[in-house]
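Please read the structure below before turning to the comments.
Derivation of every value follows stated rules applied to the coordinates shown; laboratory data play no part. This one's a predicted model, so the numbers in the text were calculated from it and none came from an experiment. Note that we place each Cβ from the backbone using ideal geometry, even for glycine, and neighbour counts take in every protein chain shown.
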Amino acid sequence: MSKEIKKVVVITGGTSGIGLASAKLFLEQGYRVALIGRTLEKGQTALADLKAAKELAVFVQGDIAKVSECKGMVKQIINQFGQIDVLVNSAGSYVEKAIVDMEEADYTNIMDVNVKGTYFMCQQTIEYLRKSTDGAIVNVSSDAGINGNFLCSAYCASKGAVTVFSKALALELAPYHIRVNCVCPGDIDTPLTRAQFNNQEDHTEELREMTSVYPIGRIGRPEEVAEVICFLASSKASFVVGAAWGVDGGVTAY
């Protein structure tokens, strides 16, 4: 009997938050995992957290905002695993500012990470996804990619781009049997979300204010988004193409 070849998932922003939670779930489901991130220390910590054998999980350091590095990281993963079956674009950048206070550097960073990085990671992996028996891309957008949010117009613009890009790419890649979808989380308890809070040890009041707008009465957990990502990447979602799945506790239902 030939040994089963495990599928390979590439996860940008895989060292924390939604990306890391997804990595854990993919490993549980029998995938091999390649985490992409900018910081070596965070990558090593994430691998230790995964507690996976070296042949099952690797960290690849690089900046998805640079096309040359997207290309290089994909080559590293192919050299390591020989295939790519799923791409999860989870890396994200967030700045909360009024448009009159927005600086070009902040705008550029948001667009480079959220839009450019997502776009070119898709571009660089398509060659390998086409060779998979069940290729899939899951982009992480946001509820801000569906509805406008107060004081984060640049972030909304970037995530709106990810949502519509995902739909357009789904049409383009469907003939090659590559399914493209995106998830649109609301506020999730991740380092990116907590970075929005003031520099205080006790975030109780800020969490209470954030939670107050959610019909379900709380913000989300990374694992809850990871479950949807893993479903969309799996054969169970074989007829789901071009969808923007809200994982937002009902906040966009108003």
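General remarks:
- The phi-based Karplus calculation (6.51 cos²θ - 1.76 cosθ + 1.60; θ = phi - 60°) puts the 3J(HN,Hα) values of segment 150-165 at 5, 6, 8, 5, 5, 5, 4, 4, 5, 6, x, 5, 5, 4, 6, 4 Hz, whole numbers, x for Gly and Pro.
- Inter-part distance where segment 190-254 and segment 59-104 are each reduced to a Cα centre, Å: 21
- Filter on 71/167; 7/75; 6/54 - keep pairs with C-alpha separation over 20 Å: 71/167
- Formal net charge of residues neighbouring residue 222 (Cβ-Cβ distance under 13 Å; K, R +1; D, E -1): -3
- Between helix 222-233 and the chain: long-axis angle, C-alpha atoms, 0 to 90°, nearest 10: 40
- In sequence order, calculated HN-Hα J values of segment 32-48 (Karplus, 6.51, -1.76, 1.60; Hz; x Gly/Pro): 9, 10, 10, 8, 10, x, 8, 10, 4, 4, 5, x, 5, 5, 5, 4, 5
- Stokes-Einstein diffusion for segment 102-254 at 25 °C, viscosity 0.890 mPa s, with a Kirkwood radius from C-alpha pairs, works out to 148 µm²/s.
- Within the shell of other residues whose beta carbon sits under 11 angstrom from the beta carbon of residue 15, the net charge comes to 0, with Lys and Arg scored +1 and Asp and Glu -1.
- Relative contact order for segment 8-247: 21 percent, from Cα pairs under 8 Å spaced at least 6 residues apart, divided by residue count.
- What the phi angles of segment 75-91 give under the Karplus curve with 6.51, -1.76 and 1.60, with θ = phi - 60°, is a coupling list of 4, 4, 5, 5, 4, 7, 10, x, 6, 9, 10, 9, 10, 10, 8, 10, 4 Hz, glycine and proline written as x.
- Between the amide H of residue 139 and those of 89, 181, 182, 183, distances stay under 5 Å, these residues lying 5 or more places away or on another chain, with hydrogens modeled in the peptide plane.
- Top of 195, 226, 65 by mean-square fluctuation, Gaussian network on the chain, Cα under 10 Å: 195
- Taking amide H as placed 1.01 Å from N in the peptide plane, the amide H of residue 29 sits under 5 Å from none that are at least 5 places away or on another chain.
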